[in-house]
Number of protein chains: 2
Amino acid sequence: MFAPLQNDHFLRACRRQATPYTPLWLMRQAGRYLPEYCTTRAKAGSFMGLATNVDYATEVTLQPLDRYPLDAAILFSDILTVPDAMGLGLSFAQGEGPKFAHVVRDEAAVAKLAVPDMNKLRYVFDAVTSIRKALQGRVPLIGFSGSPWTLACYMVEGGGSDDYRLVKSLMYQRPDLMHRILTVNADAVAAYLNAQIDAGAQAVMVFDSWGGVLADGQFQDFSLTYTRRVLAQLKREHEGQDIPRIVFTKGGGLWLDDMAGLDCEVLGLDWTVNLGWARWKVGGSVGEPGKALQGHLDPNVLFAKPEQVAEQARAVLDSFGQPHTDPNRVGPTHIFNLGHGISQFTPPEHVSALVEAVHSHSKKLRG
Amino acid sequence: MFAPLQNDHFLRACRRQATPYTPLWLMRQAGRYLPEYCTTRAKAGSFMGLATNVDYATEVTLQPLDRYPLDAAILFSDILTVPDAMGLGLSFAQGEGPKFAHVVRDEAAVAKLAVPDMNKLRYVFDAVTSIRKALQGRVPLIGFSGSPWTLACYMVEGGGSDDYRLVKSLMYQRPDLMHRILTVNADAVAAYLNAQIDAGAQAVMVFDSWGGVLADGQFQDFSLTYTRRVLAQLKREHEGQDIPRIVFTKGGGLWLDDMAGLDCEVLGLDWTVNLGWARWKVGGSVGEPGKALQGHLDPNVLFAKPEQVAEQARAVLDSFGQPHTDPNRVGPTHIFNLGHGISQFTPPEHVSALVEAVHSHSKKLRG
């Protein structure tokens, strides 16, 4: 059904297999910093108009690949499609963040929550298949979802938040209700990711964007437990291919030991974590089990001059150290990425400098 | 000049001396959650009207002590008084955060920066003396400042920020200019804290509120180095009394090993850090050197029911474990606090439950 894969460096690195250079993709790589994205978005009329239209979603997903030799594509969508399908009424006001028409703050609202009919998310799965076809095997396609906790933050707060007061108030006052929300979310996220896999996603990533706002103890109980519940339900392979699973908790560096036990192949890291330390903790030796690591350049580096961008990219690669090069065994691997989504204000030519530096320096690192 | 101290548990815990219970104070304990504070603020007309008026600043500093048996007072002021004295023109628009009329984003603006004449901050030092007198020795008075990096964030951004894009752009593009800003800030902060000590502050705290947004490597170079520069210049004692120094980097848990080397007595921690782990890393054994630890309850816990607040407070105390009780030697100690400032929406009676739980449970912990 789909063309054979030409560049499998990303998938190999996910499996901790040796690659000739460090593969790279960027969170939010299809986005407002690209003028061609802005053109498509203008045609679509709104963010959700863009995300729900299969042709537009396909077009913008491929745009960064036409500019840069990236090693993976990621589905263009939003993390809030799942609660939207639960009936909460997602919208994006001009120049503002996401907003839900209905919020989940009391027993009655929680009682109404259920895993949504996946047909309501058909537009996402159709986009996955369409993108996969359009890629013609150039690079693998990553599917994704918000984590159960991150979705709950938006569902309770009704949008973004500075202090997470409402969602944490509910968590501390009514842990029973919060566990119920998270259970529904976890089962919904698992069904959502499995449907993306069926539709053609070759790896999946769970964005625990707000796990890092939790206290030690609460993170384990209210975020990690439900990420684990998602992972336990995910398909391990599809049509004979294994499907690597990436978990990224922004601000979760302190809990790396806890995350080492997750049943996933890759851990995403933000820029606060020393990559050498993370490798030592969870990266595993050659021939031994471990996690592939993904990350972690500060997106603000991209505002520096191209030669400074290259220097910082080399510093990230050096902090991980030499990835293993044994063709016959697994070992520590690194997938280069940012530690958060790329800023809309990023000069596109600085991304070229980044990609060039990562590919060339990581080849040199392998000797 | 000042009355003798009646409750020295906080200062003893700073020095890692045994105390009969775990002393407690709350960041931003004088604030909008207290109706009496709102009354005084209304009289003052504006936040800066409140902070610059010695009588009002004294009044609001003492208000939480009249409600709760807290173990320390902290000067009522703002962290941005220093850049204001540098001529940047601080203001607080109604319902918004701080704003500077002049920002520091280019070579010309950086060249103009200098350590301000401390006479421009006389109102702060007068408030310190006035508060110290008004306290009549009930509890010790803590002075404070923003860290050099945290002040720089506001000076470059011109106010608060979501992404620290401007300050990080300057840092990555022109590290020379950023180092110059930070050097001036460090020397200004040191002079400012020393003047607070001269005026009567019995301990001082450096708030590195935004150190945690930096990448590993940048934190050490652009935040920690300048905190160290401040500490090196601080007076160790005043009129025969030692002056403990507290450093708090919000989101800095991953860098605890780096901070262990700081020349200060106490490290503040936010709620993401496991206190038992922090104690093991930097708390030191009985008779050995180490850091006292301060923190770290999530302020959002205070929105739960009073018995739930008490339960979470006990969990924080338990996570630290039993503080040492040897009257003749130093050892691991804990100062109870929040991991961030108290929210303006906090029900004041929940703070009573917190204080009661901390004092009673920590007595029990000592057996």
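Points to keep in mind about this one:
- Percent antiparallel among DSSP beta bridges (both partners in the protein assembly as shown, rounded to 5): 20 percent
- Cα-based shape type of the range B:148-193, given that a ≥ b ≥ c are square roots of the gyration tensor eigenvalues and the cut on a/c is 1.5: oblate
- With R₀ fixed at 35 Å, the C-beta to C-beta distance from residue A:220 to residue A:93 puts the FRET efficiency at about 0.50.
- GNM top mover of A:183, A:272, A:19 - chain A, alpha-carbon springs below 10 Å: A:272
- For the pair residue A:134 and residue A:239, a Förster radius of 22 Å applied to the C-beta separation gives a FRET efficiency near 0.70, rounded to the nearest 0.05.
- Selection from A:226, A:301, A:244 lying farthest towards where the dipole of the range A:220-343 points positive, charges on Cβ: A:226
- Stretch gain in nm, segment residue B:285-residue B:260, where the contour uses 0.36 nm per residue and the Cα spacing is subtracted: 7.6 nm
- Karplus-derived 3J(HN,Hα), 6.51/-1.76/1.60, for each residue of the range B:357-366, Hz, glycine and proline x: 5, 5, 5, 6, 5, 6, 5, 4, 4, 7
- Within chain B, helix-based [θ] at 222 nm, where runs of 4 or more DSSP H residues each add -39,500 (n - 2.57), nearest 500: -12500 deg cm²/dmol
- The DSSP beta bridges internal to the range B:9-365 are antiparallel in roughly 20% of cases.
- Translational D in µm²/s for the range A:324-364 (Stokes-Einstein at 4 °C, 1.567 mPa s, Kirkwood Rh from C-alpha pairs): 103 µm²/s
- Residues B:362, A:169, A:360, sorted so that the one with the fewest Cβ neighbours within 10 Å comes first: A:360, A:169, B:362
- Pair-distance distribution P(r) for the range A:299-355, from all Cα-Cα distances in 5 Å bins starting at 0: 4, 18, 24, 20, 13, 9, 7, 4, 0 percent.
- Reciprocal mean inverse distance between Cα atoms of the protein assembly as shown - Kirkwood radius, Å: 27.0 Å
- Surface/4 of the Cα convex hull for the range A:115-200, nm²: 6.5 nm²
- Calculation over all alpha carbon pairs of the range B:12-76 in 10 angstrom steps from 0 returns a P(r) of 21, 46, 22, 11, 1 percent.
- Per-residue HN-Hα couplings for the range A:174-182 [Karplus 6.51, -1.76, 1.60; θ = phi - 60°; Hz; x = Gly/Pro]: 10, x, 4, 5, 5, 5, 5, 4, 5
- Cross-link pairs A:43/A:133; A:99/B:168; A:99/A:168 - those with Cα-Cα distance over 20 Å: A:43/A:133; A:99/B:168
- GNM remark for chain B: springs join alpha carbons under 10 Å apart, and the peak mean-square fluctuation among B:97, B:321, B:137 falls on B:97.
- Estimated Rh, the range B:146-295: Kirkwood, alpha-carbon pairs, angstrom: 15.9 Å
- Taking A:225, B:58, B:150 and counting other C-beta atoms within 10 Å, the order from fewest to most: A:225, B:58, B:150
- Both numbers refer to the Cα atoms of the range A:70-162; Rg and Dmax are 15.3, 48 Å.
- J(HN,Hα) series, the range A:324-335, from Karplus relation 6.51 cos²θ - 1.76 cosθ + 1.60, nearest Hz, glycine and proline x: 6, 10, 6, x, 9, 10, 6, x, x, 9, 10, 10
- GNM result for chain A, Cα springs below 10 Å: residue of A:311, A:96, A:349 fluctuating most strongly: A:96
- Computed E for residue A:119/residue B:42 - FRET, C-beta separation, R0 56 angstrom, nearest 0.05: 0.50
- Rg ratio (alpha-carbon, reference 2.2 N^0.38 Å) - the range B:9-365: 0.94
- Value of Rg to Rh for the range B:212-316, rounded to two decimals, is 1.02; Kirkwood radius and Rg both from alpha-carbon coordinates.
- Kirkwood-Stokes translational diffusion coefficient of the range A:253-367, alpha-carbon pairs, 10 °C, 1.306 mPa s, µm²/s: 108 µm²/s
- Taking other Cβ atoms within 10 Å as a rough exposure proxy, B:106, B:298, A:270 sort from fewest to most as B:106, A:270, B:298.
- Under the criterion of Cα pairs below 8 Å and six or more residues apart, the relative contact order for chain A equals 21 percent.
- With N as its number of residues, the range A:1-143 has a Cα radius of gyration that, divided by 2.2 N^0.38 Å, comes to 1.19.
No lab work stands behind these numbers, since they all come straight from the coordinates. Fair warning: this is a prediction, and the values are worked out from it, not measured in the lab. A quick note on method: Cβ atoms are made from the backbone with ideal geometry, for glycine too, and the neighbour counts reach across all protein chains shown.
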